[in-house]
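The next block holds one structure in the form of structure tokens; read it before the comments.
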Amino acid sequence: MNRIIPSSRQADRRFFAASALAISVLCFAGFARSYYLRAWLGKRALPPILHLHGLIMTAWIVLFVIQIAFVAKNRIELHRRLGVAGALLAAVIVGLGASIVVHDVNRQSPEATTAAFWALFVAFDGINLMLFAGFVFAAVSMRRRSDIHKRLMLMATLSLLPPALGRIAIHFVPDTAEPITKLALLTGCLALVLLIDTFRHRRLHPAFGWGIATLLAADYATYLAQIST
């Protein structure tokens, strides 16, 4: 006999499915020219480490979509098993991403002081990488509280969006306006998620409340670092 899922839960699943689809579209749009369609555009091949970085970031988005699909189909046991692989993938993302950011900082400013190094680390979206790790860790810790777990995993994935949004922005605004446009686009995405979820449940969920506030604070700090370095 098929289980009857309450309409509120079905609506919740549609919300997260739509969020995953929107994130996938934004990531593809942002990296289409520099990664996904690079070979078809006749561009030079990426260095292996950057190609690996693109592969594992894509793997995370695909995994995020699959996990939401498993929940929608009530395949909870598969969702949990794949979650172990997801936690390992998140660790790889953080380790490889941090090494790439550090390499880029050292290449741009090899003589940087400690303060200048960390300012550039923030400017290169390093703080978002740390937030991604924090959100994933918190989500795994709260895996038995599905309402918190799924929102934290969405926050983790949203924290990876700024580089894609920045690449979308440069097609429409001057280079000097890219940082503020990227910040505005991310703010719009977060506000939309917050408003839809709050309207549907008639209350602000704490996981979205502090999660979105933290992510906005981090990206405002990134914006300040980008315009000052």
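The values are calculated or read from the model by the stated rules, or taken from the named source; none is laboratory data. Keep in mind that this is a model prediction, so the values were computed, not measured. Using ideal geometry, Cβ is built from the backbone for each residue, glycine included, and neighbour counts are taken over all protein chains shown.
Residues of segment 87-140 being hydrophobic (A, V, I, L, M, F, W, C) and part of a loop (DSSP other than H, G, I, E, B), which ones? Correct list: Ala112, Phe124. For segment 171-203, the set of residues classified as over 20 Å from Arg13 (Cβ atoms), over 19 Å from the mean Cα position of the chain (by Cα) and of a type in the set (A, V, I, L, M, F, W, C) consists of Phe172, Val173, Ala177, listed by residue number.
Criterion applied to Val25, Val62, Val84 was being loosely packed, with under 15 Cβ neighbours inside 10 Å, more than 27 Å from Leu185 (Cα to Cα) and at pLDDT 90 or above, and the one residue passing it is Val84. State all residues of segment 183-196 that are surrounded by 19 or more Cβ atoms within 10 Å (Cβ to Cβ) and more than 15 Å from Ile23 (Cβ to Cβ); if no residue qualifies, say none. The answer is Leu183, and nothing else.
Out of the residues in segment 164-182 that are in contact with a Phe, Trp or Tyr (Cβ under 8 Å, 6 or more places away or on another chain) and among the hydrophobic types (A, V, I, L, M, F, W, C), which is surrounded by the most Cβ atoms within 10 Å (Cβ to Cβ)? In this case the residue turns out to be Ala164. Here is the figure for segment 63-85: residues that are touching a residue at least 24 places away in the same chain (Cβ under 8 Å) and closer than 18 Å to Phe132 by Cβ total 6.
Assessment of segment 118-126 against the conditions (of a type in the set (Asp, Glu), over 18 Å from Phe15 (Cα atoms) and surrounded by fewer than 18 Cβ atoms within 10 Å (Cβ to Cβ)) yields no matching residue.
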